[in-house]
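Note sheet for the following structure.
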Amino acid sequence: MCGLFVTGMLVPYNDSALLADSGNAAESPYVIAFTRAGIKVLPHIINGAIFTSAFSATNSFLFCGSRILYGLSVRGQAPKIFSYCTKAGLPIVAVLGTSCFAFLSFMNTATSSEQVFNWFVNLTTIAGFFTWGTINLTFIFFYRGKRAQGFDRTKSAYYSVLQPYLAYWGVFWCVTFILVNGYAVFFDFNVSDFLVAYVNIPIFLVTYF
């Protein structure tokens with residue numbers, strides 16, 4: 001928060017570098033702040049931090065995606081080939097299958113396919129909100145079930161005095177983000193942007209029911 005506060009004081013909202021579409025980290029408020037302060041080496045450090053952060057996120061989602069695909073395969077909800085593991089227990093086919101989707105990121109290098117790439121990003125972002133919202137909602141019903149059976153929550157392996165209020169808080173914000181994600185389309189309406197922003201809602205409901 002302090003970093004955001006200081007950066008906000010150093011970089012005006014109408015800074016030309018901030019509004020430029022450079023396609024790299026040069027338009028980052030932090031990079032601009034360091035550049036305006038005359039500190040030349042720090043922007044490179046920020047770029048390195050952004051790169052390692054992106055690499056870490058990629059590694060995390062590759063792990064999660066491959067294990068979900070493996071789990072679906074074990075349950076018979078995905079092709080059986082994805083349940084194959086090495087002797088060490090690595091679901092290698094699921095990892096390779098999930099890795100193939102990483103090549104979609106190269107769509108962002110061409111103007112002709114950049115819009116489609118942004119659609120994918122939007123769809124996966126909203127899918128993430130649905131995921132976290134569902135996790136919170138599941139906990140709420142889990143909590144209600146334990147309370148109905150007279151189960152002492154303090155005896156659980158994990159117990160938080162802030163629950164179930166945090167779960168309600170999580171559901172509220174996930175639903176809010178899902179609904180306001182495409183608010184801009186209502187000011188300049190077009191069908192493609194509307195579908196990208198809200199098509200996940202009927203997809204989620206149909207697949208659930």
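So which aspartates and glutamates pass the test for K40, namely a Cα distance under 20 Å, with those fewer than 8 places away in the same chain ruled out?
Filter leaves D15, E27.
Restricting to DSSP loop positions (anything but H, G, I, E, B) with no more than 13 other Cβ atoms inside 10 Å of their own Cβ, which trypsin sites (Lys or Arg not before Pro) remain in region 1-103? Mind dumping the intermediate values first?
On the way: sites: R36, K40, R67, R75, K80, K87; in loops: K40, R75, K87.
For trypsin sites (Lys or Arg not before Pro) across region 1-103 that sit outside H, G, I, E and B with at most 13 neighbouring Cβ atoms in 10 Å, the list reads K40, R75, K87.
Per the 1.4 Å probe, what fraction of the accessible area of region 50-177, in percent, lies on carbon and sulfur atoms? Display every interim value, and only then the final one.
Details: 6600 of 9410 Å².
Looking at region 50-177 in its full context, I get 70 percent from C and S.
So which lysines pass the test for K155, namely a Cα distance under 30 Å, with those fewer than 8 places away in the same chain ruled out?
Within the straight-line limit of under 30 Å, K155 reaches these lysines: K146.
Loop-only check: which chymotrypsin sites (Phe, Trp or Tyr not before Pro) in region 95-183 are DSSP coil with at most 16 other Cβ within 10 angstrom?
F151, Y158, Y159
Please work out the average accessible area per residue across region 1-129, using the 1.4 Å probe convention, and give it in Å².
Values: 9220 Å² over 129 residues.
With the other protein chains kept in place, region 1-129 gives 72 Å² per residue.
Counting each DSSP H run of 4 or more residues in the chain as -39500 (n - 2.57), what helix-only mean residue ellipticity at 222 nm follows after dividing by all residues, to the nearest 500 deg cm²/dmol? The partial results should precede the final answer.
Values: 9 runs with 133 residues, N = 209.
It lands at -21000 deg cm²/dmol.
Please list the helices of the chain that count as membrane-span-like by this rule: a mean Kyte-Doolittle hydropathy of at least 0.5 together with Cα atoms stretching 18 Å or more along the helix axis, each helix being a complete DSSP H run. Walk me through the numbers on the way to the answer.
Values: long enough: 42-74 (48 Å, 0.98); 111-148 (56 Å, 0.32); 165-180 (23 Å, 1.82).
Within the chain the helices that satisfy the rule are 42-74, 165-180.
Work out the charge dipole of the chain with +1 on the Cβ of Lys and Arg and -1 on the Cβ of Asp and Glu about the Cα centre, then indicate which of V6, L18, G133 is farthest towards its positive end.
G133
Mean shadow of the chain, computed from the convex hull of its alpha carbons, in nm²?
On the way: hull surface 71.5 nm².
Mean orientational projected area (the chain, Cα hull): 17.9 nm².
How much length would be gained if the chain were fully extended between L62 and L96, taking 0.36 nm per residue of separation minus their Cα-Cα distance, in nm to one decimal? Intermediate results must be reported in sequence, preceding the final value.
Values: separation 34, 0.36 × 34 = 12.24 nm, distance 0.95 nm.
11.3 nm is the gain from fully extending L62 to L96.
State to the nearest 20 debye the size of the charge dipole of the chain about its Cα centre, where the only charges are +1 on K and R beta carbons and -1 on D and E beta carbons.
Working: 11 positive and 7 negative charges, 244 e Å.
In total the dipole reaches around 1180 debye.
The values are calculated or read from the model by the stated rules, or taken from the named source; none is laboratory data. Just so it is clear, the structure is predicted and the values come from calculations on it, not from any experiment. Neighbour counts are summed over all protein chains in view; Cβ atoms, including those assigned to glycine, are modelled from backbone coordinates with ideal geometry. Remember, those area values only see protein heavy atoms, side chains included, never the ligands or the DNA or RNA. Shrake-Rupley method; radii C 1.70, N 1.55, O 1.52, S 1.80 Å.
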